[in-house]
Amino acid sequence: MASGTLNELMDNAPAILCIDDEPDAIRVRKLLLESEGYRVFGAGTGEEGLRLFQMHKIDAVVLDYWMSGMNGLAVAREIKKLSPTMPIIMLSGFSELPGEAVGIAERWILKGRSAQDLLEALAALTQGKSQI
C-alpha cells in the first residue's frame, strides 16, 4: 500500500461530478464510484452541477440527459465552454443519440445498462489520472 493517509490518497483520486435530478440515482452512482476509488460530487440540478464544476477540480462528468429545469445537453454545453476537453458521459433513456447532442459528450450510455459500462467508460476517460 502506498504511504500517506486515506485523505491524501483520496485527494489524488480522479474527481467525478454526477449531475442527476433523481437523488437515488446520485446516491447509487456515488456508492459505486467511491467503492472504485473515485472522489464523487453530486448535484441535483444543472445549475448546482455548474457551481460545483467551477468550485472543484473535476476529472470527468456523468450527466443525466433528461432533467427538469436545465437539461443535460444545456449543462454539457456550459461545461464545454468552461473546459472544452472535459470528458462527459451522458446517461439517457433514449437508445439513440439525439442529433443535437452529437459531439457534446464523449460517451453516451443507455440508462439501465450495467454498472460495468459506466466504470469502463470512466476508466478510459480518466486514464492517466491518479487512482487509489
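Quick notes on this structure:
- Among the residues of the range 7-20, the one identified as among the charged types (D, E, K, R) and at pLDDT 95 or above is ASP20.
- Among the residues of the range 29-43, the ones that are surrounded by fewer than 19 Cβ atoms within 10 Å (Cβ to Cβ) and under 16 Å from TYR65 (Cβ atoms) come to 0 in all.
- Here is the figure for the range 93-132: residues that are assigned to a helix (DSSP H, G or I) and modelled with pLDDT under 90 total 3.
- Remark: ARG29 matches the filter, which requires a residue to be in contact with a strand residue (DSSP E or B) (Cβ under 9 Å, 6 or more places away or on another chain), in a helix (DSSP H, G or I), closer than 19 Å to LEU118 by Cα and of a type outside the set (A, V, I, L, M).
- Taking the numbered list (1) within 22 Å of ALA115 (Cα to Cα); (2) hydrophobic (A, V, I, L, M, F, W, C); (3) surrounded by fewer than 20 Cβ atoms within 10 Å (Cβ to Cβ) in turn, LEU91 passes all entries but (3).
- Of all residues in the range 44-60 being of a type in the set (D, E, K, R) and in a helix (DSSP H, G or I), the one that is surrounded by the most Cβ atoms within 10 Å (Cβ to Cβ): GLU48
- Unique match (being at pLDDT 90 or above, farther than 17 Å from ILE26 by Cα and either not aromatic (Phe, Trp, Tyr) or not in a helix (DSSP H, G or I) (or both)) among MET90, MET67, MET86: MET86
The values are calculated or read from the model by the stated rules, or taken from the named source; none is laboratory data. What you are looking at is a predicted structure, and each value in this text was computed from that prediction instead of being measured. Neighbour counts run over all protein chains shown; Cβ positions are idealised from the backbone, glycine included.
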